[in-house]
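Nothing in this text is a laboratory measurement; each read-out follows from the coordinates by a stated rule. Please read all numbers here as calculations on a predicted model, not as lab measurements. In this analysis, Cβ positions are derived from the backbone assuming ideal geometry, glycine residues included, and neighbour counts consider all displayed protein chains.
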Amino acid sequence: MPMFTVQLLIFCMANIGLPGTCNFVGELVVFCGLIDRNFFVFLIAVTGVVLSVLYTIFMFNRCAFGNLNTSYIAVYRDMTKREYYTIIPLTILTILLGLFPDLIFDTMLTSVSMVVENSKLI
């Protein structure tokens, strides 16, 4: 199942926050905000990310390189064209938003600015 494994690897790398994926940008923004506000909460969040990396790598290893000696493996086939054409846009968005996060940040700028201004008034 090479196509399935490649897609699983891409999304696992996005899950652990690899630079160039959309999750990296989100984690970076959260960590930059947390380190100024509360360093203790920042340490807890970083610990959570490290644990996430560990279980994601363990899960990928078990799914991609598990026990190949069993007879049930021959029943499963690789992704169909329908599954492939469904997952490709998600893969492209994952990488595109990791490389160009301003596509989302520019859209959110107005509403986030209004929320920040309103919170200062309270």
Practice item. Just name one of Asn118, Tyr55, Phe105: the one whose Cα is farthest towards the positive end of the charge dipole of the chain (beta-carbon charges, Lys/Arg +1, Asp/Glu -1). Key: Tyr55
**Study point:** the stretch 9-122: relative contact order as a whole-number percent, Cα under 8 Å and 6+ apart
**Key:** 38
Check your understanding: Expressed as an acute angle from 0 to 90° and rounded to the nearest 10, what is the orientation of the C-alpha long axis of helix 39-64 relative to the principal long axis of the chain?
Key -> 10
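Restricting attention to the stretch 1-88, which chymotrypsin sites (Phe, Trp or Tyr not before Pro) occupy a DSSP loop and are surrounded by at most 11 other Cβ atoms within 10 Å?
Phe65, Tyr76
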**Study point:** Crossing angle, helix 102-121 versus the chain [Cα axis fit, 0-90 degrees, rounded to tens]
**Key:** 40
Point to revise | Distance (nanometres) between label positions extended 7 Å along Cα→Cβ at Thr5 and Thr91 | key: 1.4
Revision key, fill the gap. GNM on the chain, Cα springs under 10 Å; top mean-square fluctuation among Thr86, Thr110, Thr47 goes to Thr110
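Ignoring everything except DSSP H segments at least 4 long, calculate the 222 nm mean residue ellipticity for the chain; use -39,500 (n - 2.57) per segment, divide by total residues, nearest 500. Please list the in-between numbers first.
Working: 5 runs with 95 residues, N = 122.
Per the formula, -26500 deg cm²/dmol.
What is the dipole size for the stretch 1-100, taken about its Cα centre, with +1 at each Lys and Arg Cβ and -1 at each Asp and Glu Cβ, in debye to the nearest 20? Walk me through the numbers before you get to the answer.
Numbers: 5 positive and 4 negative charges, 49 e Å.
In debye, rounded to 20, the stretch 1-100 gives about 240.
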Study note, to complete from the structure: In vacuo Debye sum over C-alpha of the chain, base-10 log of normalised intensity I(q)/I(0) at q = 0.15, 0.17 Å⁻¹, listed in q order, is -0.87, -1.02
